[in-house]
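Everything below concerns the one structure shown next.
The values are calculated or read from the model by the stated rules, or taken from the named source; none is laboratory data. Keep in mind that this is a model prediction, so the values were computed, not measured. Here the Cβ positions follow ideal geometry from the backbone for every residue, glycine too, while neighbour counts run over all protein chains shown. Heads up: the accessible areas ignore ligands, DNA and RNA and are worked out on the full protein's heavy atoms, side chains in. Shrake-Rupley method; radii C 1.70, N 1.55, O 1.52, S 1.80 Å.
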Amino acid sequence: MAGAIIENMSTKKLVIVGVILLLFQAFAFMVGGLIEDGSLVYIDVGLAYRDDMDSEWTEMAHSFEQRKLSCNFTATKTHENEGRYYECDLLPFMEVGSVAHKYYLLNIRLPVNERKKINVGIGEIRDIRLVGIHQNGGFTKVWFAMKTFLTPSILIIMIWYWRRITLMSRPPVLLEKVILALGISMTFINIPVEWFSVGFNWTWMLLFGDIRQGIFYSMLLSFWIIFCGEHLMDQTERNRFSIYWKQVGPVVFGSFCLFIFDMCERGVQLKNPFYSIWASDIGTELAMAFIIVAGICACLYFLFLCFMVFQVFRNISGKRMSLPAMSKARQLHYEGLIFRFKFLMLVTLACAALTVIFFIISQVNEGHWHWGEHTVQVNSAFFTGIYGMWNLYVFAIMFLYAPSHKHYGDEQSSDGGANSGEDLHLTTTITHLDGPTVVYKMAGKEAQE
């Protein structure tokens with residue numbers, strides 16, 4: 001085998017593949033769019049369930065919680081306005097990771113104890129409004145269908161990709177191993193374990209989903225760094241994972257911090273669904289600080305990735321100095337390979353930009369009830385669109401970087417003498433190298449250059 005599919009596939013076929021992937025990306029967005037002053041209040045709450053109208057209620061959780069009220073009196077405090085209501089901000093109340101039962105009962109009590117100063121100074125409670133946020137049936141069907149379809153699709157292309165790698169005489173290089181790891185992480189996040197939540201009361205589903213997404217984030221961000229770095233490194237440094245510890249290390253550390261932050265809330269909610277990190281001043285400040293720092297780090301990562309892509313383009317442009325010495329046909333061939341690679345890098349940047357935007361918005365969205373008047377909501381179309389984009393990107397990377405069965409130039413073997421002279425000028429420093437693509441080989445400079 002010689003080269004990769006991205007280099008040896010005809011331009012017409014490559015355009016067809018690109019159009020098909022683009023149509024699937026548009027479909028991923030469309031399917032989602034079709035879906036329709038400091039007083040403390042102490043709450044004694046309980047949650048129970050039953051599966052039919054005749055059985056007894058079974059207690060699911062019980063807790064004694066406190067929340068900080070933030071209320072405003074919109075009118076002037078005069079005798080004429082006596083009896084008007086205060087307007088209070090919404091408070092985090094409860095989060096359940098699975099609703100496997102048919103009926104739920106919520107019991108809310110506001111006990112008063114003047115000696116312990118419990119619920120004293122909060123005024124007279126006249127009305128309590130509960131706002132429920134849930135995943136509706138239409139989106140659930142679309143989400144389950146996408147995961148059920150995409151899981152075998154990515155799994156099949158991953159097996160096919162690695163089989164082609166193992167058929168080669170050389171061992172797989174680091175870039176090919178990382179692509180396989182990316183496919184595995186995508187498969188892991190695709191597995192539709194949500195089907196089991198229909199019949200099983202798995203309260204850990206939200207935490208498990210966050211862990212899966214965190215692993216994929218870590219793998220995807222690390223892949224982009226290694227993908228760019230392998231086209232920048234000297235041959236003596238390339239193909240070693242230890243070279244990237246300074247870049248990949250912060251990504252892994254950030255993912256670990258995300259996991260710790262998630263465990264501080266969702267981990268406790270496994271036993272107490274009424275717990276919220278936003279209930280205390282310290283927890284609110286820590287959560288706000290974490291969201292802001294995470295957003296800044298995501299933006300800095302994207303800027304760093306843009307810098308790496310710029311360096312890759314400059315490195316590849318320097319290698320193009322050898323092309324004028326070749327015949328017109330082979331010069332056009334290599335120009336086409338470089339253009340395809342640059343286009344793939346631009347698609348990578350676009351995917352990274354949307355991923356960073358989605359990450360920031362999703363972090364803000366999880367706490368948007370706690371931001372006062374400023375709310376950011378992610379609709380289902382954006383959610384399914386980004387999820388579809390990740391799958392299409394991983395599918396395209398594994399397909400295009402799989403070893404090709406074609407050997408470019410076999411049909412011109414009769415004039416191999418002339419071509420060998422032209423290739424010599426281009427590959428004087430890379431004839432002993434081996435890798436997935438010609439551009440990969442071109443980018444690997446010798447240390448003495």
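List of remarks:
- Subset of the stretch 271-287 that is open to solvent by less than 50 Å² (accessible area, probe 1.4 Å) and in contact with a Phe, Trp or Tyr (Cβ under 9 Å, 6 or more places away or on another chain) - its residue that is farthest from Ser63 (Cα to Cα): Ala287
- Annotation note: Cβ proximity below 7 Å between a residue of the stretch 81-101 that is of a type in the set (Phe, Trp, Tyr) and assigned to a loop (DSSP other than H, G, I, E, B) and a residue that is modelled with pLDDT under 80 and open to solvent by 80 Å² or more (accessible area, probe 1.4 Å) (sequence gap 6+ or interchain) occurs for Tyr85/Arg126; Tyr86/Asn72.
- Annotation note: Cβ proximity below 6 Å between a residue of the stretch 189-211 that is outside the structural domain of Glu59 (by the TED database) and a residue that is open to solvent by 60 Å² or more (accessible area, probe 1.4 Å) (sequence gap 6+ or interchain) occurs for Pro192/Thr148; Thr203/Leu270; Trp204/Leu270.
- Number of the condition not met by Asp89 [criteria: (1) in contact with a Gly (Cβ under 9 Å, 6 or more places away or on another chain); (2) open to solvent by 70 Å² or more (accessible area, probe 1.4 Å); (3) at pLDDT below 75]: (3)
- So Leu221, is it part of a helix (DSSP H, G or I), more than 19 Å from Glu95 (Cα to Cα) and open to solvent by less than 20 Å² (accessible area, probe 1.4 Å): no
- Test for Glu124: is it open to solvent by 40 Å² or more (accessible area, probe 1.4 Å), farther than 24 Å from Leu47 by Cα and assigned to a loop (DSSP other than H, G, I, E, B): yes
- Residue match in the stretch 311-334 (condition: modelled with pLDDT of 80 or more and open to solvent by 60 Å² or more (accessible area, probe 1.4 Å)): yes
- Cβ-Cβ distances below 9 Å connect the following pairs, each with a first residue in the stretch 242-255 that is part of a helix (DSSP H, G or I), a second residue that is open to solvent by 70 Å² or more (accessible area, probe 1.4 Å) and among the charged types (D, E, K, R), and a separation of six or more residues or different chains: Ile243/Glu237.
- Any chance Ala61 is surrounded by 16 or more Cβ atoms within 10 Å (Cβ to Cβ) and either at pLDDT 80 or above or closer than 30 Å to Gln331 by Cα (or both): yes
- Search result, residues across the stretch 75-120 that are farther than 30 Å from Leu206 by Cα and among the acidic types (Asp, Glu): Glu80, Glu82, Glu87, Glu114
- Filter pass, Gly18 being under 30 Å from Lys147 (Cα atoms) and at pLDDT 70 or above: yes
- Residues of the stretch 202-223 classified as farther than 17 Å from Ser98 by Cα and aromatic (Phe, Trp, Tyr), total: 3
- Condition check for Ala100: under 30 Å from Met186 (Cα atoms) and surrounded by 12 or more Cβ atoms within 10 Å (Cβ to Cβ): yes
- Scanning the stretch 252-270 for residues that are open to solvent by 50 Å² or more (accessible area, probe 1.4 Å) and within 18 Å of the chain's Cα centre (by Cα) gives Val252, Phe253, Phe256, Phe259, Ile260.
- Here Gly249 clears all of (1) surrounded by 20 or more Cβ atoms within 10 Å (Cβ to Cβ); (2) of a type outside the set (Asp, Glu); (3) modelled with pLDDT of 85 or more except the condition numbered (1).
- For the stretch 221-243, the set of residues classified as of a type in the set (Phe, Trp, Tyr) and modelled with pLDDT under 85 consists of Phe241 only.
Conditions (1) of a type outside the set (Asp, Glu); (2) assigned by the TED database to the domain that holds Cys228; (3) within 25 Å of Trp202 (Cβ to Cβ), marked per residue:
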| residue | (1), (2), (3) |
| --- | --- |
| Glu265 | no, yes, yes |
| Gln269 | yes, yes, yes |
| Ile282 | yes, yes, no |
| Ile291 | yes, yes, no |
| Phe304 | yes, yes, no |
| Val309 | yes, yes, no |
| Val312 | yes, yes, no |
